[in-house]
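Written out below as structure tokens is the structure these notes cover.
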Amino acid sequence: MKTKNLVLMALLIGIGTALYLVIPGINGGMKPDFMLTMMFIGILLFRDIRSVLVMSVSTGILSGLFTTFPGGFIPNVIDKTVTGIVFFGVVLLLGKLADKLAAATVLAALGTVLSGSIFLSVAIFLLGGDFPFLALFLTVVLPAIVMNAIAFFIIYPIVLRLAQRSNYAPAPSH
């Protein structure tokens with residue numbers, strides 16, 4: 001793993017963490033997860049399993065440390081790790097198509113659906129409570145999908161250009 005790639009991954013995770021911290025919690029303290037958006041960008045830039053695991057686990061730990069959802073640490077670590085690996089697998093399957101902004105934005109939205117579903121399922125299971133999955137999904141995950149997709153659509157091309165200019169990441173093949 002190259003140091004310059006680790007630096008860019010750390011910057012992406014740091015920016016995602018800062019955005020995550022300033023976004024207010026909604027519906028019981030849950031909040032849209034811009035760390036997830038930055039993780040997706042990092043996976044698209046660095047398509048190797050070691051980078052994916054570093055980004056996914058790091059993002060999960062930081063999300064878990066800063067979550068406002070009661071008992072949310074373990075669900076965050078599990079959901080980010082699983083989501084990162086699945087997202088990476090889909091990116092590999094799609095190949096060059098994943099480089100297109102529209103396709104990548106749809107992937108980010110679908111990744112947010114997966115992440116939110118895993119998080120809620122694990123949290124409900126671990127807490128053993130009678131939390132309304134569908135209500136939480138509709139009031140927290142759906143708005144997060146929209147916000148993450150919009151953020152991804154705006155941020156990804158900027159990060160991609162900056163990474164290419166700085167020789168941090170290879171140019172996507174179109």
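The values are calculated or read from the model by the stated rules, or taken from the named source; none is laboratory data. Quick caveat: nothing in here was measured; it's all calculated off a predicted structure. Note: ideal-geometry Cβ built from the backbone for every residue, glycine included; neighbour counts use all protein chains shown. Side chains are part of the model used for accessible areas, which takes the heavy atoms of the whole protein and leaves out ligands, DNA and RNA. Shrake-Rupley method; radii C 1.70, N 1.55, O 1.52, S 1.80 Å.
Check Val77, Val57, Val52, Val113 and return the single one that is over 24 Å from Leu11 (Cβ atoms), assigned to a helix (DSSP H, G or I), without any contact (Cβ under 8 Å) to a residue 60 or more places away in the chain and under 12 Å from the mean Cα position of the chain (by Cα).
Val113
The set of residues in segment 72-100 that are over 20 Å from Val57 (Cα atoms), among the hydrophobic types (A, V, I, L, M, F, W, C) and either open to solvent by 50 Å² or more (accessible area, probe 1.4 Å) or touching a Cys at 6+ places or on another chain (Cβ under 7 Å) (or both) comprises Leu93, Leu94, Leu97.
I'd like to know if segment 137-145 contains one or more residues that are over 18 Å from Pro24 (Cα atoms) and either exposed (fewer than 14 other Cβ atoms within 10 Å of the Cβ) or β-branched (Val, Ile, Thr) (or both).
The answer is no, given that none of the residues of segment 137-145 is over 18 Å from Pro24 (Cα atoms) and either exposed (fewer than 14 other Cβ atoms within 10 Å of the Cβ) or β-branched (Val, Ile, Thr) (or both).
Every listed requirement among (1) of a type in the set (Gly, Ala, Ser); (2) open to solvent by 10 Å² or more (accessible area, probe 1.4 Å); (3) at pLDDT 95 or above is met by Gly60 save one, (2).
Do we find a residue being open to solvent by 50 Å² or more (accessible area, probe 1.4 Å), over 28 Å from Ala102 (Cβ atoms) and at pLDDT below 90 anywhere in segment 28-43? For segment 28-43, residues open to solvent by 50 Å² or more (accessible area, probe 1.4 Å), over 28 Å from Ala102 (Cβ atoms) and at pLDDT below 90: present. All conditions but one from (1) modelled with pLDDT of 85 or more; (2) assigned to a helix (DSSP H, G or I) apply to Gly71; the one that does not is (2).
Here Phe133 meets each of (1) aromatic (Phe, Trp, Tyr); (2) in contact (Cβ under 8 Å) with a residue 24 or more places away in the chain; (3) open to solvent by 30 Å² or more (accessible area, probe 1.4 Å) with one exception, condition (2).
Checking the condition among the β-branched types (Val, Ile, Thr), open to solvent by 70 Å² or more (accessible area, probe 1.4 Å) and assigned to a helix (DSSP H, G or I), which residue from Ile118, Ile158 passes? I'd like the intermediate steps shown before the answer.
Working: Ile118 fails: open to solvent by 70 Å² or more (accessible area, probe 1.4 Å).
Among Ile118, Ile158, only Ile158 is among the β-branched types (Val, Ile, Thr), open to solvent by 70 Å² or more (accessible area, probe 1.4 Å) and assigned to a helix (DSSP H, G or I).
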